[in-house]
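See structure below.
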């Protein structure tokens, strides 16, 4: 074979080799591109799932907070100090021994009352959940305690709003001069005028409380009808509670700034 043919063959072989190498490199590039695209496509839903999970966790952690420390302090003062502390406690203290009653009271207050109160505030601020959620967070087996505490709060709200209704009634009746419970009512007939015998046996305030404010019946077997004045006062009390709690602590905090200070001013 002539030399020229050999050189031509080599050139042809070299061209084939170079072409095959180029094809391999191009195939590798295509494979790498497709692998990157597939990996990106596979990462997108995972990243979306992670973002959704993080967003849901942030939404669960984000709870309404007090706008200022003053609202928080007033909320705790309103929770701790009420009609029973200001009006009922001095009466019970005097009835059960006076100064001697304060000794066991202060001991139990330091050993039990203040630690439990501090524990309740600390757990609430740390876990930032409601009564049921806090006990479920501590242990799912203790969730019943949260439900029991909510039930107790419901019954407390029932009777405490009744007391607020009574207070609203007396507040509305206190704009008279003289006060309607200042003296016993007079009964007039055709011949003479005399004091109500039932009021004369007890007192003017007791008579007004039972016969006018409560309008009780003579026996438990008699219903006595609807006391519309007390019903309206009770409805007003529940309306104020609903308006204060409608938007959570954002609305109740503003209400406490007014009513908490006003309440203790009236008590004084």
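The values are calculated or read from the model by the stated rules, or taken from the named source; none is laboratory data. Since this is a predicted model, take the numbers as computed values, not measurements. Cβ atoms come from the backbone with ideal geometry, glycine included; neighbour counts cover every protein chain shown.
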- [ ] Provide a single number: the residues in the range 113-122 that are closer than 20 Å to residue 135 by Cβ and free of Cβ contacts under 8 Å to residues at least 12 places away in the same chain.
- [x] 6
Open item on the list: Return the residues of the range 130-145 that are more than 20 Å from residue 80 (Cα to Cα), under 13 Å from the mean Cα position of the chain (by Cα) and crowded, with 16+ Cβ neighbours inside 10 Å; say none if nothing qualifies.
Closed with: 132, 134
Open item on the list: Condition first: outside any helix (DSSP H, G or I), farther than 23 Å from residue 154 by Cβ and modelled with pLDDT of 70 or more. Now tell me which residues in the range 223-268 satisfy that.
Closed with: 223, 224, 225, 226, 227
- [ ] All but one of (1) touching a residue at least 60 places away in the same chain (Cβ under 8 Å); (2) closer than 15 Å to residue 227 by Cβ hold for residue 163, so report the exception by its number.
- [x] (2)
- [ ] Within the range 161-198, count every residue that is under 41 Å from the mean Cα position of the chain (by Cα) and either surrounded by 14 or more Cβ atoms within 10 Å (Cβ to Cβ) or in a helix (DSSP H, G or I) (or both).
- [x] 16
Task: Residue identified as at pLDDT 85 or above, part of a helix (DSSP H, G or I) and either more than 30 Å from residue 234 (Cα to Cα) or out of contact with any strand residue (DSSP E or B) (no Cβ under 6 Å at 6 or more places or on another chain) (or both) among 158, 121 - done: 158
